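Trainee: Next up is a structure, given as structure tokens.
Bear in mind these aren't lab numbers, they're just calculated from the coordinates by the rules spelled out. Since the structure is predicted, the reported quantities are computational estimates derived from the model, not experimental observations. Counting neighbours? That spans all protein chains shown, and the Cβs are built from the backbone with ideal geometry, glycine included.
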Amino acid sequence: MLKCIGRYFALACLLFASGLAAAGERPFDQAAFDQLKAEGKPVVVYFHATWCPTCKIQQPIVDRLSASARLKDVTLFEADYDKEVALKRALHVTQQSTFVVFKNGHEVARSTGETTEPAIKNTLDKAL
């Protein structure tokens with residue numbers, strides 16, 4: 001059994017125990033990303049910044065879509081645009097509000113600055 005320490009870890013453990021950890025967004029984790037990508041699992045990396053007005057519009061849409069049953073097998077990592085410098089460099093990301101979509105271990109789509117639900121859904125669906 002995992003020992004959960006701190007309120008964020010406790011929340012993560014609660015989500016994991018309830019089976020919700022597979023759905024929705026989760027903070028970027030390089031080891032988990034590498035493993036999922038190597039296994040060919042569907043993965044989306046969403047580069048988000050708290051100060052970004054476009055990201056603020058995207059966030060409720062991303063929350064809604066990532067919790068949907070349709071995307072239950074897609075892992076959506078939220079990468080902090082200001083902190084994940086090496087990841088931005090590795091994925092050639094130059095702007096916040098960018099989605100990078102992986103399927104079968106390869107990048108299959110990319111989108112920056114989309115703010116409508118149909119456009120974001122279309123991007124995320126490319127992981128399926």
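Trainee: Excluding residues fewer than 8 places away in the same chain, name every one of the lysines whose C-alpha is closer than 29 Å to that of K103.
Mentor: In chain and number order, the partners are K37, K41, K56, K72, K83, K88, K121, K126.
Trainee: A further question on this structure: Evaluate E = 1/(1 + (r/R0)^6) for D82 and L128, where r is the Cβ-Cβ distance and R0 equals 41 Å; express this FRET efficiency to the nearest 0.05. Walk me through the numbers on the way to the answer.
Mentor: Working: r = 30 Å, r/R0 = 0.73.
Once rounded, the FRET efficiency stands at 0.85.
Trainee: Further, regarding this structure: Find which of S111, F47, Q35 sits farthest along the positive direction of the dipole of region 19-125, computed with +1 on the beta-carbon of Lys and Arg, -1 on that of Asp and Glu, about the Cα centre.
Mentor: Farthest along the dipole direction, towards plus: S111.
Trainee: Right, something else. How far apart, in nanometres, would the label points at I57 and A32 be if each is projected 7 angstrom from Cα along the Cα-to-Cβ direction?
Mentor: 2.9
Trainee: How large, in Å, is region 19-125 by the Kirkwood hydrodynamic radius built from its alpha-carbon pairs? Mind dumping the intermediate values first?
Mentor: Values: mean 1/r = 0.0736 Å⁻¹.
About 13.6 Å, per the Kirkwood formula over Cα pairs.
Trainee: So, one more: Say each of V108 and T50 gets a label point 7 Å from the Cα, pointing the same way as Cα to Cβ; how far apart are those two points in nm?
Mentor: Distance between the two pseudo-spin positions: 3.4 nm.
Trainee: Taking θ as phi - 60°, what are the ³J(HN,Hα) couplings along region 60-72 by the Karplus curve (6.51, -1.76, 1.60), each to the nearest whole Hz, with x for Gly and Pro?
Mentor: My calculation for region 60-72 gives x, 5, 4, 4, 5, 5, 5, 8, 6, 4, 4, 9, 4 Hz in order.
Trainee: Something else now. Roughly what would the spin-label model give for R89 and A119, points 7 Å off Cα along C-beta, in nm?
Mentor: It works out to 3.0 nm between the two label points.
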